[in-house]
Amino acid sequence: MADGTKAVVDTSAAGGAADEAALAAAIDELADEAASAAGGTDRAPSDSEPSPSGEETSEITAPLSAKEIAAELSAGDAAAARRRADAAAAGAGAGKAAERPPQDPQPTVDTRDTGTLPRTLPAPLRHSGDTIGHRYRLEECISQAETFSSWRAVDEKLRRAVGVHLMAAGHQRARAVLAAAKSAALLGDPRFVQVLDAVQEGELVYVVREWLPHASDLAKLLATGPMEPHDAYQMVRQVTDAVAAAHRRGQAHLRLTPRCVLRTDSGQYRINGIAVDAALRGLPTGDADGDGGTADDAARTDTRAIGALLYAALTHRWPFPEDRYDLQGLPRSLGDVPPDQVRAGVHKGLSELAARALFDHPPHHAEPITTPEQLAKAIALMPRIRQPEPELPAYTAPPRHNTHALPTAPNPTRVVAAPGTGPVPMAAQPVRRSRRRLRRVVKATAWTVALGAIGVGSWQLVDSLRSTGPSVAATQPASGTSSAPVQAAAHTPVPIQVKEAQSYDPVGTNPPSNYLTDKAFDGDPNTVWISSWYQDPFGPKPLPREGTGLLIDLGTPQPVSSVNVQFAGSTTAELRVPGAQAAGNPQKAQPNAFTVVDKGSGTTVDFAAQAPVTTRYLLLWMTSLPKDNDGRFRGHVADVKVFG
């Protein structure tokens, strides 16, 4: 309620029938409002409309589609019919109302049978400044749906911004939302926006997640036009890898829209609302034992959603008849056409990939892609699309100035010949001036050669005088050899291929972040391996840790002379090699069992050994990490190159 008190339903025998009738009328009013919204009198808010607060669209949960609105209305109509029947029975048999035991139309106890819970229940009424769970202070409502609301809030305990979804605990979807949020929190993949808390407290259910204020969602990125092939390739590859990894662990998103795909300042894509967005709207979760969906249906749903994202990124059109996410839809009569037939200049390989993922019957009899795992393999088989070279500014020739010429008299007055006359012969004075300049240049060259010869002779004379002593004579070269000093041959670096890499955190309690470790040495600085997160850079709290690292395996012992590392964000790191104690199992060895080869800090660090070190393993030990947008500290390794 507005004053913070809980709404209590009076179930006494005296007023049971009246309360049931009042509740039925209220639910009928809600159903009528929803029906008028679907009919066009008061349309539901679309993605193209800005939020009331002007907040970043990346933090707004996407509104319902037409299919989801129809599901909401059918559920509301069924509940309204049931309430009207109860109210009619109560009015007809008013004399028997006292004989019947009172029934609670809105159970306050979360029973095991969720079918007894109401399908339509308004979102809890809250205001800015309210505190949830004695910890989360609501700041601004960024999205309001019929059954839930989304807020920007502040975690007063950790002093950071968070996102909060609110739903009534008596709603039939409440338990599914809690289960989805808890399973998403256990995923632990940094490529997904993390679920931080999921709690049922009295009449309220709330889900807390990370807040990324500086990230831009895909809908905002597409506002100015289609993506370049390299950017679209990076987006679909990163999103597909993340969704495929979630499906391998039994998780599905089921509502992957342009609002859910966020790009951070470092160029990495993170996915918001896995499982939770679908549960909030009552969509099938992909559990064959639960709500009618199957794992195959969930895989096809997410694959088709990724195909739609790629289609929109390539064509700047939404691949369905409806206009969504500030994008114009395709005509219904167009059919299943690939992106390269909608817009000229689309990359052929990406166009075929989008059609195979989106359509059940792709053009040209291509084989459809039905799972994120198949899509990830198809992307891996594609030739890598390189980032275009930046265009250099047009070269402008500087004005010509003869800085070596001596000052001369001004040019003589130009004489214009009369029409019909021959060319005027060149005067003798400029010819003499040119010869005079040539003589001066020859004299200067001669003097320079003479001075150089005198200097060389003086150096040889001094060297011969110094070499007359007995100690120096003993070191003179043998007869018949040259007396010139012998210089060591310059070392030419030879690239060494990295076999694999593993996260190294022997004193941490967090599970090692082995996702995307191959991106640290794939030769593409736009792909980044991200370490586990930490509350502070490193120090005595909460653990006496010195740092975190990436253990690089070369496959076989090889001589290493230098290592070049590119970080996403300024990082302080050391290059270490395992000592005698860590040679057997470096992954389990402590950091002090490694020997420091070199140190450095910055976004690009070159580690060099004084002499080539023969080793199989290299430890990139990071002692100071950059701070991310969520206030946590993570290591970001973009590219590692090893040279022998």
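Quick look at the numbers
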quantity: Unique residue being among the basic types (Lys, Arg), loosely packed, with under 14 Cβ neighbours inside 10 Å, in contact with a helix residue (DSSP H, G or I) (Cβ under 8 Å, 6 or more places away or on another chain) and in contact (Cβ under 8 Å) with a residue 24 or more places away in the chain when the list is 356, 386; calculated: 386
quantity: Residue count for the stretch 588-606, restricted to those that are open to solvent by less than 40 Å² (accessible area, probe 1.4 Å) and of a type in the set (Lys, Arg); calculated: 0
quantity: Residue 339 farther than 26 Å from residue 248 by Cα and either open to solvent by less than 40 Å² (accessible area, probe 1.4 Å) or touching a residue at least 24 places away in the same chain (Cβ under 8 Å) (or both); calculated: yes
quantity: Pick from the stretch 306-325, criterion part of a loop (DSSP other than H, G, I, E, B) and free of Cβ contacts under 8 Å to residues at least 40 places away in the same chain, ranking: least open to solvent (accessible area, probe 1.4 Å); calculated: 319
quantity: Selection count where residues are of a type in the set (Gly, Ala, Ser) and either without any contact (Cβ under 8 Å) to a residue 24 or more places away in the chain or open to solvent by 10 Å² or more (accessible area, probe 1.4 Å) (or both), scope the stretch 622-642; calculated: 2
quantity: Looking only at the stretch 211-241, and only at residues there that are charged (D, E, K, R) and under 14 Å from the mean Cα position of the chain (by Cα), the one that is surrounded by the most Cβ atoms within 10 Å (Cβ to Cβ); calculated: 217
quantity: Residue match in the stretch 313-336 (condition: out of contact with any Ser or Thr (no Cβ under 6 Å at 6 or more places or on another chain), under 23 Å from residue 247 (Cβ atoms) and of a type in the set (Lys, Arg)); calculated: no
quantity: Positions within the stretch 179-200 being open to solvent by 20 Å² or more (accessible area, probe 1.4 Å) and part of a helix (DSSP H, G or I), in sequence order; calculated: 179, 182, 183, 185
quantity: Test: residue in the stretch 321-335 that is hydroxyl-bearing (Ser, Thr, Tyr) and under 24 Å from the mean Cα position of the chain (by Cα); calculated: yes
quantity: In the stretch 326-347, the residues that are assigned to a strand (DSSP E or B) and of a type outside the set (A, V, I, L, M); calculated: 328, 329
quantity: Only listed residue being at pLDDT 85 or above and either open to solvent by 60 Å² or more (accessible area, probe 1.4 Å) or out of contact with any strand residue (DSSP E or B) (no Cβ under 6 Å at 6 or more places or on another chain) (or both), chosen from 512, 493, 557; calculated: 557
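The values are calculated or read from the model by the stated rules, or taken from the named source; none is laboratory data. Just so it is clear, the model here is predicted, and its values are computed rather than measured. For neighbour counting, all protein chains shown are included, and Cβ atoms are generated from backbone atoms with ideal geometry for every residue, glycine included. Note: areas computed on protein heavy atoms with side chains; ligands, DNA, RNA excluded. Shrake-Rupley method; radii C 1.70, N 1.55, O 1.52, S 1.80 Å.
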